[in-house]
Amino acid sequence: PLDPAAAAGTYTWELRNLPWIEDERYSPDLHAVAPRLGVTYFPGENKAGLHDLRDWRAVSTWMADFVDPAAEVSEPVRAKSAELVRGQAGEADKIGAIARFVQQVNYVSVQLNETRGGGYTPHRADQILAHNYGDCKDKATLMRALLQAAGIGSDLTLIDATDRRYVRPEWASPHQFNHAIVAIRVAPETGLPTVFQHPRLGRLLMFDPTDSDTPLGDLPQDEQGSHALVVAGREGELVEMPLLPASTNRIESSAEASMDAAGRLQVHLGRQYFGQSAAQAHAHVAHQSNDELKRSYERSLGRRVGAIAVQQAIISGAIAEGRMQLSLDFSADHFSQTMTGLMIVKPGALALGADYVFTPGERKLPVQLDADVYKDTVRIKLPAGYKVDEMPDAVHLDSRYGTYQASWKTDGADLVFEQSTEVRDALVPAAQYAELRAYFDKIGGSQAAPVVLVRK
């Protein structure tokens, strides 16, 4: 809180000598760390149709006048809803069919009623259906109408889609939001991960129909754990969005490789993506050609393995179920360091690297960690005539930022490396930067640990 200086009916809020905000990797969005002034003012006796936005219920009541009329069920909407849910037995199946349809509606932003309602007024649901385009509030409105026609209630919900920590609950204002999603009222038998029980609003299933890469039952990473306003008239309320466990956003990877005596490597890499990892993989397919996909893996893997040549890179799967998979074949001509009678290899280079790489020095902003789980197995068939002479000891790290385990072993003629990495969702203060960097440096050191092979 900052008290103003008042003089002759003028109020002045002033901050001086603010430090420059450095551009630091993994920091929260700039709008979440820069100071901002939120002013709530109230109309006098002659309100002229203005509302007192004193709390979140008042904001919800005001917003409902703009968003609810557009979600009216017309005959075209009713017919489309019946078509979509035909043959769907359960509530979750009906919602899923409607969700997939609305996700394919083209995104085009056209603001209405800018001078009254600040552009929050959506188009009518039957117009959106007829034209097959709209922005986030339009897509949310169309979904609400289709759900209502199927006997399922829902509310438009306002959220900030760029930073989960941006919305300040103590300032009731619609100007804190830049995106619209849907809160769907569901029965007890609908048990998807993004369902939560609200003490007044009941069981709510949160869904973002604008994000075509995130299926029902999941939420985009930046929306999880944030504050959102459920626009339900006088019953509306600011709610905390579900924050899914790291295990729902995981990647499981398996690399099968063979190496010859010259250190040349041939690898087949398979990865299974789940949750938001699957959404990112699906976005790669949607926005990259196959040649671009190959080049992206050549760049990313090349930084760890050395120059590689990708023969095949295929991403496929069922994004509606939150699953995608990668099939990748590549070769590396200089995977090992070779000396007379010795070879040095780093099997961890074929596993998923730590996403967080921190440079030495002072940190000014906090570090934002997103919940992730990686599980990797790397199996390398050793060249004929070589055996393992020296391997690293197993590693186990446990910290407030996550856990990490790694092990090396031989299995017949194969060298096997296994690792498990979990990153916890956290906003790490700048004062803990040295500790955080040391933890991720240990992970990076384990992944780069060498194994020494000798000629038999």
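If the requirement is being within 21 Å of the chain's Cα centre (by Cα) and either buried (at least 20 other Cβ atoms within 10 Å of the Cβ) or more than 27 Å from A246 (Cα to Cα) (or both), which of these qualifies: Y401, Y386?
Details: Y386 fails: within 21 Å of the chain's Cα centre (by Cα).
When all the criteria are applied, what remains is Y401.
Can you tell me how many residues within region 193-220 are in contact with a helix residue (DSSP H, G or I) (Cβ under 9 Å, 6 or more places away or on another chain), open to solvent by less than 20 Å² (accessible area, probe 1.4 Å) and assigned to a loop (DSSP other than H, G, I, E, B)? It would help to see each step written out before you state the result.
Our first condition is that a residue be in contact with a helix residue (DSSP H, G or I) (Cβ under 9 Å, 6 or more places away or on another chain); within region 193-220, this holds for 193, 200-201, 205-220.
Those still in the list that are open to solvent by less than 20 Å² (accessible area, probe 1.4 Å) too: 201, 205-209, 214-215, 217-220.
Keeping just the survivors that are assigned to a loop (DSSP other than H, G, I, E, B) gives 201, 208-209, 214-215, 217-220.
So the answer is 9.
For every residue, the table says whether it meets (1) at pLDDT below 95; (2) of a type outside the set (D, E, K, R).
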site: T162; (1), (2): yes, yes
site: R200; (1), (2): yes, no
site: F207; (1), (2): no, yes
site: D213; (1), (2): yes, no
site: A228; (1), (2): no, yes
site: V231; (1), (2): no, yes
Given (1) under 17 Å from S336 (Cα atoms); (2) open to solvent by 20 Å² or more (accessible area, probe 1.4 Å), index of the condition V416 fails:
(2)
Residue ranges of strands (runs of 3 or more DSSP E) in region 221-291 with at least 2 members hydrophobic (A, V, I, L, M, F, W, C) and without any contact (Cβ under 8 Å) to a residue 24 or more places away in the chain:
none
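Of all the residues that make up region 317-341, how many are closer than 30 Å to K387 by Cβ and open to solvent by 60 Å² or more (accessible area, probe 1.4 Å)?
So the first thing to find is which residues in region 317-341 are closer than 30 Å to K387 by Cβ, and the list is 328-341.
Imposing the further condition that a residue be open to solvent by 60 Å² or more (accessible area, probe 1.4 Å) reduces the set to 333-334, 337-340.
Number satisfying all stated conditions: 6.
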Condition first: farther than 22 Å from V305 by Cα and of a type outside the set (A, V, I, L, M, F, W, C). Can you find one or more residues in region 374-384 that meet it?
no
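Based on what the data block shows, is L37 touching a residue at least 12 places away in the same chain (Cβ under 8 Å) and more than 30 Å from Q368 (Cα to Cα)?
On the way: touching a residue at least 12 places away in the same chain (Cβ under 8 Å): yes; more than 30 Å from Q368 (Cα to Cα): no.
Considered against the rule, which asks whether it is touching a residue at least 12 places away in the same chain (Cβ under 8 Å) and more than 30 Å from Q368 (Cα to Cα), L37 comes out as no.
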Single unsatisfied condition, V378 versus (1) open to solvent by 30 Å² or more (accessible area, probe 1.4 Å); (2) assigned to a strand (DSSP E or B)
(1)
Looking at A394, A430, A434, can you tell me which residue is open to solvent by 50 Å² or more (accessible area, probe 1.4 Å), closer than 23 Å to P28 by Cβ and among the small types (G, A, S)?
A434
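Identify all residues within region 314-330 that are assigned to a loop (DSSP other than H, G, I, E, B) and among the polar types (S, T, N, Q); write none if there are none.
Looking only at region 314-330, we keep the residues that are assigned to a loop (DSSP other than H, G, I, E, B), and these are 322.
Matches in region 314-330: none.
Which one of these is within 16 Å of S253 (Cα to Cα), of a type in the set (A, V, I, L, M) and out of contact with any Lys or Arg (no Cβ under 9 Å at 6 or more places or on another chain): V378, V373, V416? Outline the logic, then answer.
Values: V373 fails: out of contact with any Lys or Arg (no Cβ under 9 Å at 6 or more places or on another chain); V416 fails: out of contact with any Lys or Arg (no Cβ under 9 Å at 6 or more places or on another chain).
After applying the criteria, what remains is V378.
I want to confirm something. Restricting to region 404-413 and keeping residues that are open to solvent by 70 Å² or more (accessible area, probe 1.4 Å) and on the phi < 0 side of the Ramachandran plot, which single residue is nearest to the chain's Cα centre (by Cα)? Break it down into steps so the answer makes sense when it comes.
The initial filter retains those residues of region 404-413 that are open to solvent by 70 Å² or more (accessible area, probe 1.4 Å), namely 405, 409-412.
Among the residues that remain, those that are also on the phi < 0 side of the Ramachandran plot are: 405, 409-411.
Values: Q405: 24, K409: 35, T410: 37, D411: 37 Å.
Ranking the candidates gives Q405 first.
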Return the only residue of L369, L350 being within 30 Å of D29 (Cβ to Cβ) and out of contact with any helix residue (DSSP H, G or I) (no Cβ under 6 Å at 6 or more places or on another chain).
L369
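Residue check: is A286 out of contact with any Phe, Trp or Tyr (no Cβ under 9 Å at 6 or more places or on another chain), under 30 Å from D389 (Cα atoms), surrounded by fewer than 16 Cβ atoms within 10 Å (Cβ to Cβ) and not hydroxyl-bearing (S, T, Y)?
Working: out of contact with any Phe, Trp or Tyr (no Cβ under 9 Å at 6 or more places or on another chain): yes; under 30 Å from D389 (Cα atoms): no; surrounded by fewer than 16 Cβ atoms within 10 Å (Cβ to Cβ): yes; not hydroxyl-bearing (S, T, Y): yes.
No.
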Anything in region 1-40 that is open to solvent by 100 Å² or more (accessible area, probe 1.4 Å) and among the basic types (K, R)? List them, or say none.
R16, R25
Taking the condition open to solvent by 50 Å² or more (accessible area, probe 1.4 Å), in contact with a Lys or Arg (Cβ under 7 Å, 6 or more places away or on another chain) and over 21 Å from H175 (Cα atoms), does E45 pass?
no
Near pairs, Cβ below 7 angstrom, 6+ apart or cross-chain, from region 1-29 (within 27 Å of D163 (Cβ to Cβ)) to any residue that is open to solvent by less than 60 Å² (accessible area, probe 1.4 Å) and polar (S, T, N, Q):
Y26/Q368; S27/Q368; P28/Q368
Screening A307, A286 for residues that are small (G, A, S) and touching a strand residue (DSSP E or B) at 6+ places or on another chain (Cβ under 9 Å) leaves only A307
Please indicate, with yes or no, whether at least one residue in region 24-31 is closer than 20 Å to A180 by Cα, in a loop (DSSP other than H, G, I, E, B) and among the charged types (D, E, K, R).
yes
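In region 292-313, which residue that is open to solvent by 80 Å² or more (accessible area, probe 1.4 Å) and outside any helix (DSSP H, G or I) is farthest from G353 (Cα to Cα)? If you could, list the steps in order and put the result at the bottom.
As a first pass, look at region 292-313 and keep what is open to solvent by 80 Å² or more (accessible area, probe 1.4 Å): 295, 299, 303-304, 307, 311.
Next, from what is left, pick out any that are outside any helix (DSSP H, G or I): 307, 311.
Numbers: A307: 17, Q311: 22 Å.
Restricting to residues being open to solvent by 80 Å² or more (accessible area, probe 1.4 Å) and outside any helix (DSSP H, G or I), the top hit is Q311.
The values are calculated or read from the model by the stated rules, or taken from the named source; none is laboratory data. These figures come from a predicted structure and were not determined experimentally. Note that we place each Cβ from the backbone using ideal geometry, even for glycine, and neighbour counts take in every protein chain shown. Note: areas computed on protein heavy atoms with side chains; ligands, DNA, RNA excluded. Shrake-Rupley method; radii C 1.70, N 1.55, O 1.52, S 1.80 Å.
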